[in-house]
Amino acid sequence: MNYEIKQQDKFRFIEEGQGETLLLLHGLFGALSNFEDLIEHFKRNYKVVVPILPLFDLDIFHTTVGGLEKYVHKFIEMRDYQQIHLLGNSLGGHVALIHILKHPERIKSLILTGSSGLFENGMGDSYPKRGDYDYIKKKTELTFYDPATATKELVDEVFEITNNRIKVIKIIALAKSAIRNNLGEELNQIKQPTLLIWGNNDSVTPPFVGREFNRLIPNSELHFVDKCGHAPMMEVPEAFNEILAGFLNKLKKPAATIA
């Protein structure tokens, strides 16, 4: 995947295609490669934007889901995106939720997949073990239904992050911030059409979490995907893209005019 990473002020991002803005927010161990199939599919009809979230670049006091949301808000304002379809996976979904609750005016629709914000299992009951490659490999594989989805390249990326003491401290800070920041009582304020795509085999944000989001967000629809874990856009890209395309196409249809 060779996309040009653009830089404007402190922001680094990918922007591919033309049309309405589809803005993608990655998770805690996320990378641009997570969205490769999604970008390729939707850049034909949409302007697909992926800001690179500063997971390890904020000072420790702002290394929170709220701090990431402020970064995303400034990015959107700087680029002056309008009518955004805002999509977030895992921690990125949590950031998207905080953003739409604080700044709903530029958001046309919300798409969540494996989102935190209600409940999530972290790295398990232990901190990431530095220097233990097999441990990190097993934990990375647990993200997916099919362990083979955790390629050596992906495991190497996660291993590099967890082998850095400062990065581990920031991962723990972000994870704890996500657990503290429960949005259950606020989700009924979301007015935009919302799509929930959930893996039936998600062990990080299990299926009941998707059902609870569906119950709490008024104008939402929930789709489960079989044989799929915490990152459906990576593990079952064709099914994911088909569900997302159907949702976005419905929003393109003009509302019925009143005679």
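The values are calculated or read from the model by the stated rules, or taken from the named source; none is laboratory data. This is a predicted model, so every value here is computed, not measured. For neighbour counting, all protein chains shown are included, and Cβ atoms are generated from backbone atoms with ideal geometry for every residue, glycine included. Remember, those area values only see protein heavy atoms, side chains included, never the ligands or the DNA or RNA. Shrake-Rupley method; radii C 1.70, N 1.55, O 1.52, S 1.80 Å.
Every listed requirement among (1) surrounded by fewer than 21 Cβ atoms within 10 Å (Cβ to Cβ); (2) modelled with pLDDT of 95 or more; (3) aromatic (Phe, Trp, Tyr) is met by Phe42 save one, (1). Criterion first (among the acidic types (Asp, Glu), touching a helix residue (DSSP H, G or I) at 6+ places or on another chain (Cβ under 6 Å) and either under 15 Å from Leu91 (Cβ atoms) or open to solvent by 50 Å² or more (accessible area, probe 1.4 Å) (or both)) does Asp37 satisfy it? Criteria met by Asp37.
Residue count for segment 211-234, restricted to those that are open to solvent by 30 Å² or more (accessible area, probe 1.4 Å) and either part of a helix (DSSP H, G or I) or in contact with a Pro (Cβ under 7 Å, 6 or more places away or on another chain) (or both): 8. In this structure, does Phe119 turn out to be touching a residue at least 40 places away in the same chain (Cβ under 8 Å), among the aromatic types (Phe, Trp, Tyr) and open to solvent by 40 Å² or more (accessible area, probe 1.4 Å)? Criteria met by Phe119.
Figure legend. Inter-residue proximity from segment 203-214: first residues hydrophobic (A, V, I, L, M, F, W, C), second residues buried (at least 20 other Cβ atoms within 10 Å of the Cβ) and part of a loop (DSSP other than H, G, I, E, B), beta-carbon distance below 6 Å, spacing 6+ or different chains. Indicated pairs: Val204/Glu120; Val204/His230.
Filtering segment 189-210 down to residues that are under 13 Å from Ser116 (Cα atoms) and open to solvent by 10 Å² or more (accessible area, probe 1.4 Å), which residue is nearest to the chain's Cα centre (by Cα)? Going through the qualifying residues, I end up with Val204. Just wondering, is there one or more residues in segment 173-188 that are modelled with pLDDT under 90, part of a loop (DSSP other than H, G, I, E, B), open to solvent by 70 Å² or more (accessible area, probe 1.4 Å) and acidic (Asp, Glu)? Within segment 173-188 (the criterion being modelled with pLDDT under 90, part of a loop (DSSP other than H, G, I, E, B), open to solvent by 70 Å² or more (accessible area, probe 1.4 Å) and acidic (Asp, Glu)), the answer is no, since none of the residues qualifies.
Against the conditions (1) more than 11 Å from Thr113 (Cα to Cα); (2) hydrophobic (A, V, I, L, M, F, W, C); (3) open to solvent by less than 30 Å² (accessible area, probe 1.4 Å); (4) in contact with a helix residue (DSSP H, G or I) (Cβ under 6 Å, 6 or more places away or on another chain), Phe247 satisfies every one except (4).
Among the criteria (1) part of a helix (DSSP H, G or I); (2) modelled with pLDDT of 90 or more, the one Val168 does not fulfil is (2).
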